[in-house]
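Structure, as structure tokens:
Just so it is clear, none of the values below were taken in a lab; they were calculated from the coordinates. Worth saying up front: this structure is predicted, and the values here are computed from it rather than measured. Heads up, the Cβs are rebuilt from the backbone with ideal geometry, glycines too, and the neighbour counts pull from every protein chain shown.
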Amino acid sequence: MPLSLCFIEPQDAIRVIAESVGRDARRQILGELVRAWVDGIPEKELEAHYCRAIADLDEHDLSMLAAWHASLEVGHPVANRDFLVGVFGSLGEHRREALKIAAGFRGEEAFEAGVSEEQALETVLPHLKRERCAELAEECLELYLWDRMGSDN
């Protein structure tokens with residue numbers, strides 16, 4: 001079993017790595033954080049988070065989300081909030097994935113609108129368990145190496 005040394009908390013390691021990589025790697029880190037956050041949401045809170053996630057999506061993102069719904073054959077999807085919220089409960093085991101997609105679109109829009117990575121980190125990291133942050137810190141380290149060893153950032 002490998003010996004693990006950790007001198008800083010995993011959340012702090014994620015912040016440091018996110019500040020040390022290029023834009024593409026930062027986006028990937030934030031995407032991983034959002035997916036981890038969704039995985040930790042209690043089942044009974046999923047729909048409320050989904051409603052908030054799609055509330056600010058533009059027509060293009062709503063169309064993309066509706067197209068994803070079409071792949072699940074949950075009826076004829078309509079690219080509007082009412083339809084997407086209405087069918088959310090019928091997605092069953094795919095509800096988390098729908099929220100990950102919607103939250104990812106919302107995160108991209110925030111990123112494009114100038115919301116800093118630090119703000120995004122401060123929003124998501126406190127909701128993650130230490131063990132999950134440690135796993136994410138390992139993934140971030142891999143992204144750091146990818147970024148430094150030759151990506152086109």
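Values as computed for the structure displayed
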item: Helix 10-20 axis, angle to the chain major axis (alpha carbon atoms, nearest 10°); result: 90
item: Sorted peptide list for 27-37, 119-129, criterion being average Cβ within 10 angstrom, highest first; result: 27-37, 119-129
item: Point-to-point label distance, Glu139-His49, nm (Cα→Cβ direction, 7 Å offset); result: 1.3
item: Relative contact order, percent, the range 10-148 [alpha-carbon distance under 8 Å, six or more residues apart]; result: 45
item: R0 of 30 Å, Cβ-Cβ distance Phe7-His127: FRET efficiency to nearest 0.05; result: 0.80
item: Solvent-free Debye scattering, log10 I(q)/I(0), computed from the Cα coordinates of the range 10-148 at q = 0.10, 0.16 Å⁻¹; result: -0.35, -0.84
item: Computed FRET value (nearest 0.05) for Ser20 with Asp58, which takes r as the C-beta separation and R₀ as 22 Å; result: 0.10
